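Q: This is the structure I have questions about; it appears just below.
Each value in this text was obtained by applying a stated rule to the coordinates, not by laboratory testing. Note that the structure is predicted; figures quoted are calculated from it, not measured. Ideal geometry is used to build each Cβ from the backbone, glycine not excepted, and the neighbour counts take in all protein chains shown.
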DNA sequence: TTATTTTTACCTGATTTCAGGTAGTTTTAT
DNA sequence: ATAAAACTACCTGAAATCAGGTAAAAATAA
């Protein structure tokens, strides 16, 4: 870590207001500086000095893209860039996916300004950081989830996607050119995998755990 | 409208960052001033000078409360206060409910800074205002919705709530001390009301139109 | 190449949901 | 007081879902 220079922060958030706020927050600091703010992912990836970024504060809900994919791309490009996910509401599933994709932490935008600073500091030191509320959300059944939840196969995902739209087994079989009976089997397998009772429960479960 | 004084803006948003940003935005203006920012609804309602507020910028997703209820309370207290809803993602249902509760407009936080100013200006002049994205979202089937969508009765809502949790008709009947057949009738009535095929479609419809 | 996973498909049977109709009671609004 | 709406409950029958099992291709990984 080079201490002679300020730590360079970039922001990707489709809310100009948030960028303004963060800018203001760090403008007083002697250790950090915001070198650029982007409102969409393409302008981030077109950024010439991508490699000079130390920390990327990354909103997960973007207009043109989503933070989960952006995180993966950034980490692939340069794993040394510290990526901190941000959003307004925190969902377990999203936080889990971000961490799975290499993010170094997750902050709620509603966090106190102190919390922002504190988390960034710790992230630089190599820790995985969460703002308070995210932490409590995560601790309920902490990290076991990433392994214990069986995942869906490709076909299952396709069927699930149609199921979520309210399509019946018959309709799904016609859309995917499968036997009615095959679709039934897949449905049953999904219910069995997660120990659920019916389609509604399945959809709830999938939404809550971001399995699609 | 008193032009000798600045127009007084209050902000209720659980994101300190947003409040900071808006503060900065209006700090340059000669026409507007931010007189106070709140991060929860109780502190807003404890505010002594509530009546001096001209415009309330109101986040709909709050920790302790929700903007839809807050809007109603504020308008009840003083209908002259101009209330503009804000959120990160826009959902038809929420926007509709806000307007129904007397809000004077709705802005996405991702709106450009110019858009904020523009909308506030027009709201003061008595218009119902939307930021661009909200406008396109609303225009798809514009305001007919408020009337044309038949609404759910109390009992139907109770049953729907359980249905959404994945409960079966049998379970629901036990929970609500009703006949199995009665619950079936209510389910059927709901499907008929909205011309839907099955429970999953019903749940989607309700979520999309905020009927619960 | 072999083992494993995935995808496909069938059978049987129980349970649940969906669709149509009717109808008495209670609550709410005019 | 009367009409309208909401709530309750029943009947019948068709359709769909759920639950158990088996099993053979096909694709993927070791």
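Q: Can you classify the protein assembly as shown as rounded, prolate or oblate using the Cα gyration tensor, where a ≥ b ≥ c are the square roots of its eigenvalues, rounded means a/c under 1.5, and otherwise it's prolate if a/b beats b/c and oblate if not?
A: In terms of gyration-tensor shape, oblate.
Q: Against the longest alpha carbon principal axis of chain A, how many degrees, from 0 to 90 and to the nearest 10, is the axis of helix A:199-209 turned?
A: Approximately 20 degrees, to the nearest 10.
Q: Quick check: residue separation of residue B:182 and residue B:127 times 0.36 nm, minus the Cα distance between them. What number comes out in nm?
A: Net length gain for the segment: 15.2 nm.
Q: Could you line up A:106, A:118, A:32 from fewest to most neighbouring Cβ atoms inside 10 Å?
A: A:118, A:32, A:106
Q: Related question: With both bridge residues required to lie in the protein assembly as shown, what share of the DSSP beta bridges run antiparallel, to the nearest 5%?
A: DSSP beta bridges in the protein assembly as shown are roughly 5 percent antiparallel.
Q: Here's another thing I want to ask about it. Below 8 Å between Cα atoms, with a sequence gap of 6+, how large is the relative contact order for segment A:1-49 in percent?
A: RCO, segment A:1-49: 45 percent.
Q: Using helices alone, what [θ] at 222 nm do you get for chain B, with -39,500 (n - 2.57) per DSSP H run of 4 or more residues, divided over all residues and rounded to the nearest 500?
A: When only DSSP H runs of four or more count, the value is -14500 deg cm²/dmol.
Q: What do you get for the angle between helix A:113-124 and the principal long axis of chain A? Use alpha-carbon atoms, 0 to 90 degrees, nearest ten.
A: 90
Q: Let me ask something else about it. Quick check on the exposure proxy: order B:61, B:180 from fewest to most C-beta atoms within 10 angstrom.
A: If I rank by nearby Cβ atoms, fewest first, I get B:180, B:61.
Q: Continuing with the same structure: Hey, in the GNM for chain B with a 10 angstrom Cα cutoff, which one of B:191, B:137, B:107 fluctuates hardest?
A: Judging by the Gaussian network model, the answer is B:191.
Q: Hey, another quick one. For chain B, take the longest principal axis of its alpha carbons; what is the angle in degrees between that and the long axis of helix B:154-164, to the nearest 10 within 0 to 90?
A: 80
Q: Additional query: Taking 8 Å as the Cα distance limit and 6 or more residues as the minimum spacing, I'd like the relative contact order of segment B:150-209 as a percentage.
A: Taking the mean separation of contacting Cα pairs over the length of segment B:150-209, I get 30 percent.
Q: Can you pull the one-decimal nm distance between simple spin-label points at residue B:91 and residue B:204, each 7 Å off the Cα toward Cβ?
A: It works out to 1.6 nm between the two label points.
Q: Let's test the formula: R0 of 56 Å, r as the Cβ-Cβ distance of residue B:192 and residue A:112. What FRET efficiency results, to the nearest 0.05?
A: Here the calculated transfer efficiency is 0.65.
Q: Same structure again: Pairs of Cα atoms under 8 Å, at least six residues apart: use those to get the relative contact order of chain B, whole percent.
A: 14
Q: Continuing with this model, one more query. Just report the Cα centroid separation between segment A:1-55 and segment A:86-113, whole Å.
A: So the two Cα centres are separated by 18 Å.
Q: With a 10 Å Cβ neighbour count serving as the proxy for reagent exposure, in which order, fewest first, do A:114, B:59, B:69, B:54 appear?
A: If I rank by nearby Cβ atoms, fewest first, I get A:114, B:69, B:54, B:59.
Q: Would you work out if segment A:150-209 is rounded, prolate or oblate? Take a ≥ b ≥ c from the square roots of the eigenvalues of the alpha-carbon gyration tensor; rounded if a/c is under 1.5, else prolate when a/b is larger than b/c, oblate otherwise.
A: Judged from the Cα gyration tensor, segment A:150-209 comes out prolate (a/c at least 1.5, a/b above b/c).
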